[in-house]
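Okay, so here's the structure we're looking at.
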Amino acid sequence: MIPMTGQRRRSNLLTAAMLLFLLYALFPLLWLIVSATKTENDLFSTFGLGFGHRFALFSNIRQTLTYAHGEYLRWLANTVVYAATSAAGAACLATFAGYGFAKYAFRGRGVLLATVLGTIMVPVTALAIPTYFLFSKAGLVDTPWAVILPSLVSPFGFFLMWVYARDAVNDSILDAARIDGAGELAIFFRVSLRSLVPGFATVVLFTMVATWNNYFLPLIMLSNPKYFPITVGLAAWESQTAGGGGSNSALISMVVTGSLLSVIPLIIAFIFLQRYWQSGLSAGAVKE
């Protein structure tokens, strides 16, 4: 039996480790919030987490949103479309595939499963160039589809839904529905889908964050600024600053403010989706 002093010491160490991890995770966000309140001169003349001589947050936001006839707002709208479409499509495909592999036995399932799971080990950047040549042959380069279509396939989302569906959907419930004469599509949409909602929401959030933060794929796929997402757009602004080799140093405040504004939709999406991460949703699938 472990003495109470040992338990207390272990608890204190875990608490300290969690606090260090929390500080490590929050420090970039805190720096971004503080820096967005500074003027261009204060960004370089004051300490990173120290506020500047003038509170310039609202003027920075106004300048960011109105610069170049609202270029940032167009990039933000593009990013919302890319992320929302990709997240919804990838979650639907991952749910269908994961449920099918988890609940149905068919020839070649093991080989197909191993093949799909093996693609998780392939870095996304390694597939970017072949994807570019493929989309170039199809005439889809420099269109929104060049960003959306590759994001619809999520091997990790499939793996997560496959693992989740095996335990979340009770086989006895499926057998009872079949005995009652329900078809497989009816069983999926009326019985199984309710149990898969937490996993579906998780894939939506992961894919949304991945697409929202995606930089390399849209960088090589898009050349027209009107199709840029926020990541590529802010990088284009940064390249025009003195630090990026350009001459327009006034853009640095807008790059920082634009980065802060780009985080807010993800926070809202997380707050909205986290309520679906609850246990016990399978109760709704039980026939009364």
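The values are calculated or read from the model by the stated rules, or taken from the named source; none is laboratory data. These numbers were taken from a predicted model, which means no experiment stands behind them. As a convention, Cβ positions derive from the backbone with ideal geometry for all residues, glycine included, and neighbour counts pool all protein chains shown. Only protein heavy atoms, including side chains, enter the accessible area calculation; ligands, DNA and RNA are left aside. Shrake-Rupley method; radii C 1.70, N 1.55, O 1.52, S 1.80 Å.
Kindly indicate whether PRO218 is under 28 Å from LEU127 (Cα atoms), more than 20 Å from the chain's Cα centre (by Cα) and at pLDDT 90 or above. Spell out how you get there, then give the answer.
Values: under 28 Å from LEU127 (Cα atoms): yes; more than 20 Å from the chain's Cα centre (by Cα): no; at pLDDT 90 or above: yes.
In short, no.
Please state which one of THR64, THR79 is closer than 20 Å to ILE220 by Cα and touching a residue at least 24 places away in the same chain (Cβ under 8 Å).
Only one candidate qualifies: THR79.
So which residues in the stretch 43-76 are of a type in the set (Lys, Arg) and out of contact with any Lys or Arg (no Cβ under 7 Å at 6 or more places or on another chain), if there are any at all?
ARG54, ARG62
Of the residues VAL232, VAL204, only one is hydrophobic (A, V, I, L, M, F, W, C), farther than 18 Å from LEU65 by Cα and either crowded, with 20+ Cβ neighbours inside 10 Å or over 23 Å from the mean Cα position of the chain (by Cα) (or both); which?
It is VAL204.
Within the stretch 135-172, can you find the residues that are open to solvent by less than 40 Å² (accessible area, probe 1.4 Å), in a loop (DSSP other than H, G, I, E, B) and among the small types (Gly, Ala, Ser)?
Hit for the stretch 135-172 is SER154, nothing else.
For the stretch 174-263, list the helices (runs of 4 or more DSSP H) that sit wholly inside it and hold at least 1 residues that are touching a residue at least 40 places away in the same chain (Cβ under 8 Å), over 30 Å from LYS38 (Cβ atoms) and in contact with a helix residue (DSSP H, G or I) (Cβ under 7 Å, 6 or more places away or on another chain); which are they? Give the derivation first.
Values: elements: 184-187, 193-212, 216-221, 230-239.
It comes to 193-212, 216-221.
Suppose we keep only residues that are under 27 Å from the mean Cα position of the chain (by Cα) and not polar (S, T, N, Q) within the stretch 42-61. Which one would you say is farthest from GLY258 (Cα to Cα)?
LEU57
Inspect the stretch 247-269 for any residue being more than 22 Å from the chain's Cα centre (by Cα), crowded, with 21+ Cβ neighbours inside 10 Å and among the polar types (S, T, N, Q) and give the result as yes or no. Spell out the reasoning first.
Start the filter on the stretch 247-269 by keeping residues that are more than 22 Å from the chain's Cα centre (by Cα), which leaves 247-254.
In the following step, the residues that additionally are crowded, with 21+ Cβ neighbours inside 10 Å were identified as 251, 253-254.
Still in the list and also among the polar types (S, T, N, Q): 253.
Taking every residue of the stretch 247-269 in turn, at least one turns out to be more than 22 Å from the chain's Cα centre (by Cα), crowded, with 21+ Cβ neighbours inside 10 Å and among the polar types (S, T, N, Q).
Select, from GLY110, GLY98, the only residue that is under 27 Å from SER195 (Cα atoms) and open to solvent by 50 Å² or more (accessible area, probe 1.4 Å).
Within the list GLY110, GLY98, the selection yields GLY110.
Could you grab me the full set of residues in the stretch 67-82 that are of a type in the set (A, V, I, L, M, F, W, C) and under 20 Å from the mean Cα position of the chain (by Cα)?
LEU73, TRP75, LEU76, ALA77, VAL80, VAL81
Looking at the stretch 275-284, can you tell me whether even one residue there is open to solvent by less than 30 Å² (accessible area, probe 1.4 Å) and either at pLDDT 90 or above or farther than 17 Å from ILE148 by Cβ (or both)?
No, the stretch 275-284 has no match at all.
Filter the stretch 113-128 down to the residues that are in a helix (DSSP H, G or I) and over 15 Å from TRP162 (Cβ atoms), then identify the one that is least open to solvent (accessible area, probe 1.4 Å).
The residue in question is ALA128.
Please name all residue pairs, on different chains or six or more residues apart, with Cβ atoms under 8 Å, provided the first residue is in the stretch 10-30 and is touching a residue at least 24 places away in the same chain (Cβ under 8 Å) and the second residue is surrounded by 10 or more Cβ atoms within 10 Å (Cβ to Cβ).
Between residues of the stretch 10-30 that are touching a residue at least 24 places away in the same chain (Cβ under 8 Å) and residues that are surrounded by 10 or more Cβ atoms within 10 Å (Cβ to Cβ), the close pairs are LEU29/VAL263.
Could you grab the pairs with beta carbons closer than 8 Å, sequence gap of 6+ or different chains, first residue in the stretch 115-138 and farther than 23 Å from LEU222 by Cα, second one open to solvent by 80 Å² or more (accessible area, probe 1.4 Å)?
ILE120/PHE156
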